[in-house]
Amino acid sequence: MRNWHGEGIWYGADYNPEQWPEETWAEDVALMSRAGVNLVSVGIFSWALLEPAPGRYEFDWLDRALDLLHAGGIDVDLATATASPPPWLAHRHAETLPRRADGTILWPGGRQAYCPSSPIFRERSLALVEAVAGRYADHPAVVMWHVSNELGCHNVHCYCDVSAEAFRRWLRERYGDLDTLNAAWGTTFWSQRYHDWAEINPPRSAPTFANPTQQLDFLRFSSDEQRAQLRAERELLTRLAPQPVTTNFMIGTGIKYMDYHSWASDVDLVANDHYLVAAHPRPHVELALAADHTRGVAGGGPWLLMEHSTSAVNWQPRNVAKTPGQLRRNSLAHVARGADGVLFFQWRASRAGAEKFHSALVPHAGSETKVFGEVCRLGADLKALAEVRGSRVEADVAILFDYEAWWGVELDSHPSVDVTYVDRLAALHGALWRAGVTADVVHPSADLSRYRLVLVPTLYLVRDAHAAALRRYVAAGGTALVTYFSGIVDEHDHIRLGGYPGAFRDLLGVRTEEFFPLPADERVHLDDGATADVWTEWLHAEGAEVLSSYADGPLSGVPALTRHAVGVGAAWYVGTRLDEAATDRLVARLLTEAGVRPPVPAPAGVEVVRRRSADRSWLFVINHTDAEARVAVTGTELLGGGRCVSELVVPAGEVAVVREEPAKEVRCSSSNGRTPSWS
Ligand code: GLA
């Protein structure tokens with residue numbers, strides 16, 4: 001791994017100078033300096049300009065742009081420019097175009113119109129990387145490489161013949177021989193047995209449900225194919241240039257098909273893009289989940305927020321603008337949760353093209369705007385937070401997350417379409433958020449020994465080794481909660497026999513003999529006052545203590561919530577989809593049992609997260625409410641508030657960051673005082 005050099009918090013955006021006449025560039029650099037921008041991603045969608053015809057490169061404009069940025073003191077995260085091929089590629093090689101499952105060709109005219117397994121695309125893209133890296137490896141502005149852009153965003157699944165061939169190669173590698181594949185895919189079912197590799201295809205549109213293991217393997221293959229592009233570009237960059245290499249992941253509740261836990265070792269620095277979903281009832285809580293997950297992918301270390309938006313995006317049905325102060329709260333929440341850099345898409349709002357209504361740092365209306373004012377304020381904030389860089393986020397709770405479990409649980413022909421992966425993940429994370437407790441979202445292979453509490457939402461597919469690790473964790477004194485429809489299948493999507501929840505049955509001391517999913521909109525009651533919907537199951541306690549049972553519904557009297565003492569720890573199981581208040585109560589019980597407390601108590605709606613280095617700690621306090629908030633802390637508020645003793649006052653909608661020191665007795669208050677406004 002190459003080190004990520006530099007100091008302080010990175011601040012910037014995608015910068016696309018090629019969209020503007022060169023006269024604008026000098027103004028851009030001047031405005032960047034005014035805003036405190038110190039890092040821009042350049043050239044992401046510039047392949048068609050850099051290589052107007054195969055093998056003919058034109059770098060002059062990029063030379064001038066990089067020189068200008070360097071003269072202005074702005075560092076560059078230089079793109080390999082392979083994100084979207086130029087029109088000439090498909091014109092000359094139509095076989096590089098991706099196909100949907102029904103055979104529809106996806107044509108150029110948007111972006112990312114290439115088959116991820118295309119050897120022609122790979123060859124042409126690596127030739128470009130070689131040319132770009134050869135030219136700019138020594139450029140003083142370039143501090144980092146940005147491979148492609150959001151790999152797999154639009155083209156993760158390609159079903160063309162080239163992909164089919166690559167899928168067969170991948171399967172041979174995985175299974176070695178056809179007997180093993182047939183056994184793994186359960187092909188005795190529905191007359192699917194393969195006698196020749198050539199008979200196997202991607203799960204193209206079929207008369208009915210395709211083989212689930214074939215589907216699962218195709219999802220694995222597809223993630224691996226995207227990853228292979230990242231690896232190939234990184235390998236070349238590492239050979240040709242000294243700077244660290246990254247690419248922008250899309251970790252969040254809306255992006256399912258790239259297994260970023262497996263990709264993390266292919267970058268020198270984990271970077272993520274995150275956009276608020278306007279329709280989400282609590283978008284800042286979803287943001288916190290994405291950030292906690294990004295940190296989990298980054299192994300707990302610092303990471304870079306490569307993109308988010310200053311205000312509205314352009315790709316949702318209704319693109320809601322951010323209210324005053326929201327940009328600052330969003331950005332600093334990412335920093336609180338481990339980001340050492342805050343970048344946006346994009347520097348200047350485009351005049352033309354599909355994203356012309358997407359917000360930017362410099363809006364169409366120019367720099368005398370609410371957005372640019374907030375951009376400048378954020379720049380000053382991030383400068384004041386330089387000392388936080390490199391510190392780690394304090395978290396005593398882990399939530400297990402596995403992309404394979406997500407893929408598996410949402411395959412077709414399952415007991416209920418209402419059981420989705422993100423549902424319980426977000427519910428449990430949301431309950432922790434409301435309790436003021438920070439969690440790392442980690443892969444089941446992570447070392448769990450440092451956590452007091454481990455939550456396991458909907459881990460439908462689980463490997464033996466991961467189930468065993470959870471058992472060891474609990475036996476050694478840990479507390480764990482497993483939610484329904486977990487532990488059901490092995491890595492081939494084969495049922496674990498003997499009763500559900502298969503892999504976790506012994507750990508949890510329960511055995512379920514039959515699922516009783518509920519009809520849409522039906523709700524049941526539990527004997528502790530909770531309500532639940534979506535899912536119930538006929539569960540027998542076999543060693544576990546029953547904490548609550550159904551009071552009505554198809555399984556009246558059957559246990560719904562259990563606790564099993566194992567070794568010196570305990571494993572809890574919830575067999576139904578509890579309402580939000582009951583989920584909060586359950587999480588509160590678990591936190592008490594595990595001895596987990598928030599960094600400091602705070603009013604509802606006030607987010608508090610602690611980052612820590614070897615000898616210092618910082619408390620981030622983000623007030624999402626419209627009332628002033630008070631929290632008990634002593635130290636120096638870094639965003640203009642000065643010293644605070646025993647109590648910090650954070651105005652409505654504002655953010656404070658306190659370098660903590662041991663509390664003294666005197667009571668006074670401090671605030672960073674500015675109130676958000678439209679002016
Ligand atoms: C993604 C892409 C950017 C841009 C933004 C718009 O993050 O990487 O190129 O399209 O979305 O929100």
Inset, instruction - Pairs only if they're at least six apart or on different chains, beta carbon under 9 angstrom, first in region 245-256 and more than 8 Å from VAL270 (Cα to Cα) and open to solvent by 30 Å² or more (accessible area, probe 1.4 Å), second at pLDDT below 95 and within 13 Å of the ligand (Cβ to nearest atom); list them, first residue then second. - result: THR253/VAL277; GLY254/VAL277
Inset, instruction - For region 251-270, name all the residues that are within 11 Å of the ligand (Cβ to nearest atom) and over 15 Å from VAL441 (Cα atoms). - result: ILE255
Legend entry - Within region 176-192, considering residues that are in contact with a Phe, Trp or Tyr (Cβ under 9 Å, 6 or more places away or on another chain) and of a type outside the set (A, V, I, L, M, F, W, C), the one most open to solvent (accessible area, probe 1.4 Å): GLN192
Legend entry - Pick from region 298-320, criterion in contact with a Lys or Arg (Cβ under 9 Å, 6 or more places away or on another chain) and in a loop (DSSP other than H, G, I, E, B), ranking: surrounded by the most Cβ atoms within 10 Å (Cβ to Cβ): THR310
Inset, instruction - Sort out which residues of region 604-642 are touching a strand residue (DSSP E or B) at 6+ places or on another chain (Cβ under 8 Å) and part of a loop (DSSP other than H, G, I, E, B), and write them in order of number. - result: GLY605, SER613, ARG616, HIS624, THR625, GLU628, ALA632, VAL633, THR634, LEU638, LEU639, GLY641
Inset, instruction - Kindly indicate whether ASP447 is in contact with a strand residue (DSSP E or B) (Cβ under 6 Å, 6 or more places away or on another chain) and among the charged types (D, E, K, R). - result: no
Inset, instruction - Consider LEU240 carefully, then state whether it is away from the ligand (no atom under 16 Å from the Cβ) and crowded, with 24+ Cβ neighbours inside 10 Å. - result: no
Legend entry - Residue that is farthest from the ligand (Cβ to nearest atom), among those in region 130-161 that are among the acidic types (Asp, Glu) and assigned to a loop (DSSP other than H, G, I, E, B): ASP138
Inset, instruction - With respect to ALA290, determine if the residue is in contact (Cβ under 8 Å) with a residue 24 or more places away in the chain, under 10 Å from the mean Cα position of the chain (by Cα) and within 14 Å of the ligand (Cβ to nearest atom). - result: yes
Legend entry - Test: residue in region 61-73 that is within 16 Å of the ligand (Cβ to nearest atom) and either surrounded by fewer than 16 Cβ atoms within 10 Å (Cβ to Cβ) or over 23 Å from SER350 (Cβ atoms) (or both): no
Legend entry - Residue check for GLY390: out of contact with any Lys or Arg (no Cβ under 8 Å at 6 or more places or on another chain) and on the phi > 0 side of the Ramachandran plot: yes
Inset, instruction - Quick one: in region 368-383, of everything that is small (Gly, Ala, Ser) and open to solvent by 30 Å² or more (accessible area, probe 1.4 Å), which residue is nearest to ALA336 (Cα to Cα)? - result: ALA380
Legend entry - Residue under evaluation GLN214, criteria (1) under 20 Å from the mean Cα position of the chain (by Cα); (2) among the polar types (S, T, N, Q); (3) over 20 Å from TRP303 (Cα atoms), criterion not met: (1)
Legend entry - The one condition in (1) over 30 Å from VAL342 (Cβ atoms); (2) outside any helix (DSSP H, G or I); (3) among the acidic types (Asp, Glu) that GLU225 fails to fulfil: (2)
Inset, instruction - Would you mention how many residues in region 334-354 are open to solvent by less than 10 Å² (accessible area, probe 1.4 Å), more than 12 Å from the ligand (Cβ to nearest atom) and part of a strand (DSSP E or B)? - result: 4
Legend entry - From SER265, SER223, residue being crowded, with 18+ Cβ neighbours inside 10 Å and of a type in the set (Ser, Thr, Tyr): SER223
Inset, instruction - Give just the number: which of (1) away from the ligand (no atom under 11 Å from the Cβ); (2) in contact with a helix residue (DSSP H, G or I) (Cβ under 9 Å, 6 or more places away or on another chain); (3) polar (S, T, N, Q); (4) in a loop (DSSP other than H, G, I, E, B) does SER331 not satisfy? - result: (4)
Inset, instruction - Quick one: THR208 ticks every box in (1) closer than 23 Å to ALA101 by Cα; (2) not in a loop (DSSP other than H, G, I, E, B) except a single one, so which number is it? - result: (2)
Legend entry - Positions within region 40-56 being within 15 Å of MET306 (Cβ to Cβ) and buried (at least 23 other Cβ atoms within 10 Å of the Cβ), in sequence order: VAL40, SER41, VAL42, GLY43, ILE44
Inset, instruction - Those residues that are part of a helix (DSSP H, G or I) and either surrounded by 13 or more Cβ atoms within 10 Å (Cβ to Cβ) or within 16 Å of the ligand (Cβ to nearest atom) (or both), I need them from region 93-107; list them, please. - result: GLU95, THR96
Legend entry - Test set (1) outside any helix (DSSP H, G or I); (2) in contact (Cβ under 8 Å) with a residue 40 or more places away in the chain - LEU425 fails condition number: (1)
Inset, instruction - Enumerate the pairs (first residue in region 197-221 and over 21 Å from PRO116 (Cβ atoms); second residue anywhere and part of a helix (DSSP H, G or I)) with beta-carbon separation below 7 Å, excluding pairs fewer than 6 apart on the same chain, so at least 6 apart or on different chains. - result: ASN211/TRP185; THR213/ALA184; THR213/TRP185
Legend entry - ARG169, sole failed condition from (1) in contact (Cβ under 8 Å) with a residue 40 or more places away in the chain; (2) open to solvent by 20 Å² or more (accessible area, probe 1.4 Å): (1)
Legend entry - Selection count where residues are within 16 Å of the ligand (Cβ to nearest atom) and either more than 22 Å from VAL375 (Cβ to Cβ) or of a type in the set (Asp, Glu) (or both), scope region 22-42: 0
Inset, instruction - Being open to solvent by 10 Å² or more (accessible area, probe 1.4 Å) and either touching a strand residue (DSSP E or B) at 6+ places or on another chain (Cβ under 8 Å) or part of a helix (DSSP H, G or I) (or both) is the filter here, so list the residues in region 111-129 that pass it. - result: PRO119, ILE120, ARG122, GLU123, ARG124, LEU126, ALA127
Inset, instruction - For ALA475, indicate whether it is in contact with a strand residue (DSSP E or B) (Cβ under 7 Å, 6 or more places away or on another chain) and open to solvent by 30 Å² or more (accessible area, probe 1.4 Å). - result: yes
Legend entry - Which numbered condition ALA588 misses (of (1) in a loop (DSSP other than H, G, I, E, B); (2) out of contact with any His (no Cβ under 7 Å at 6 or more places or on another chain); (3) touching a residue at least 12 places away in the same chain (Cβ under 8 Å)): (1)
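Residues are listed down the side, and each one gets a yes or a no for (1) among the small types (Gly, Ala, Ser); (2) in a loop (DSSP other than H, G, I, E, B); (3) in contact (Cβ under 8 Å) with a residue 24 or more places away in the chain:
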| residue | (1), (2), (3) |
| --- | --- |
| ALA13 | yes, no, yes |
| ALA26 | yes, no, yes |
| LEU31 | no, no, yes |
| ALA48 | yes, no, yes |
| HIS70 | no, no, yes |
| LEU78 | no, no, yes |
| ALA81 | yes, yes, yes |
| PRO85 | no, yes, yes |
| GLY109 | yes, yes, no |
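The values are calculated or read from the model by the stated rules, or taken from the named source; none is laboratory data. For clarity, every value in this text was computed on a predicted model and none was experimentally measured. All Cβ positions, even for glycine, are placed from backbone atoms using ideal geometry, and neighbour counts span all protein chains on display. With ligands, DNA and RNA removed, areas are computed over all heavy atoms of the protein, side chains included. Shrake-Rupley method; radii C 1.70, N 1.55, O 1.52, S 1.80 Å.
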